[in-house]
Amino acid sequence: MEFQYFIEEHTSTEELKMKITDLRSTMIETGLTHGLNHDKTIELSQKLDRYITEIQKRSLNPIM
């Protein structure tokens with residue numbers, strides 16, 4: 001199952017960090033409640049991966 005998440009360019013790095021923190025908590029709670037292989041847990045994990053990747057890209061290519 002492939003989910004697409006789009007991160008808008010105007011989303012600040014600080015906003016992304018807050019979303020990462022919130023998503024991580026939600027994913028952990030979902031994993032504990034429904035299991036690590038549940039579709040919702042996997043969906044949240046994939047979304048979290050995209051946000052983390054975006055933060056990493058921004059740190060490698062800061063806007064000047």
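What follows is calculated from the coordinates using simple rules that are stated; it is not laboratory data. Just so we're clear, the structure is a prediction, and the values are computed from it rather than from any experiment. Backbone-built Cβ (ideal geometry, glycine too); neighbour counts: all protein chains shown.
Residues in the range 8-64 that are part of a loop (DSSP other than H, G, I, E, B) and surrounded by 10 or more Cβ atoms within 10 Å (Cβ to Cβ): Thr11, Gly35, Leu36, His38. Which residues, taken from the range 7-26, are over 10 Å from Leu48 (Cα atoms) and of a type in the set (Lys, Arg)? Hit for the range 7-26 is Lys17, nothing else.
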